[in-house]
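Quick notes on the structure that follows.
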Amino acid sequence: MKNGKIIAAKVIVYAGEDDQYFTFITAEAYTTLELWMKYRGGCGEQITNDSWVMRDLWNVTKPPKKEAGGQIQEPVKLQSIGVKRLVERALWAQGIRTELEYGKKRHEFQTDHGFRKWYKTQCEIAGMKPINIEKLMGHLVGISDSYYRATENELLEDYLKAISLLTINSEYKLQKQMEEVIEQSRNNDVNIKSQLYDKQDAITNLTERNSLNVDAIASL
């Protein structure tokens, strides 16, 4: 939180498993995730802290029968292959993925892994430390794992450098840009005032020195 607004959210990946790690998502992603969980709750699912983020789909064309149970009340964790299929369908539906050209065997980017590569690229462009990028992606960084101990706040501060590049919706981008402009204006205002105070002090000191010189001359 910053000035009462969410700037990022912490996510635990592979919770409870040996390769568990934490990372961050943007405020945009957090808001979208919150809407998704509220939508499921509104459809009749009992949302708890243990609810899966990615669950199986249900028939949304029929009103849920809460008292009788059913698919919406019995969520099943969506496996990685299921997530991949959903993303693939969305890519084809949006026209982002099309038939391969003759002679080509692979698409420009992988269905799911392409998002990770894009994330890494944006973080690098934003100037994040390479080792922090790898840690937030859950990658091992060799011997550095034993010696490098960045705190959660240090990782977050570095991650915030990439927020604007990782944000997709133009509304969120504009809001972020406005906040940065306002912050810069405040800082500039403080700097201008500080400079004015320094100038005023210099003028006062110069006036006092001139007054002493005049008094000295008059005493002669």
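I need the full set of residues from the range 11-32 which are under 17 Å from Ser164 (Cα atoms) and either surrounded by fewer than 13 Cβ atoms within 10 Å (Cβ to Cβ) or aromatic (Phe, Trp, Tyr) (or both), in order please. Within the range 11-32, Phe24, Tyr30 qualify. Checking the structure you have, find out if any residue of the range 124-133 is assigned by TED's automatic domain parsing to the domain that holds Val13, modelled with pLDDT of 85 or more and closer than 19 Å to Met54 by Cβ. No: zero hits. Checking the range 95-115 against the condition returns a match, with at least one residue being in contact with a helix residue (DSSP H, G or I) (Cβ under 8 Å, 6 or more places away or on another chain), in contact (Cβ under 8 Å) with a residue 12 or more places away in the chain, closer than 23 Å to Glu134 by Cα and part of a loop (DSSP other than H, G, I, E, B). Considering each residue of the range 119-136 in turn, none proves to be more than 21 Å from Ile81 (Cβ to Cβ), aliphatic (A, V, I, L, M), without any contact (Cβ under 8 Å) to a residue 12 or more places away in the chain and surrounded by 11 or more Cβ atoms within 10 Å (Cβ to Cβ). For the range 134-142, check the following and say yes or no: at least one residue is of a type in the set (Val, Ile, Thr), more than 26 Å from Leu160 (Cα to Cα), part of a loop (DSSP other than H, G, I, E, B) and over 21 Å from the mean Cα position of the chain (by Cα). No: zero hits.
The values are calculated or read from the model by the stated rules, or taken from the named source; none is laboratory data. Note that the coordinates shown come from a computational prediction; the quantities given were computed from them, not determined experimentally. Neighbour counts run over all protein chains shown; Cβ positions are idealised from the backbone, glycine included.
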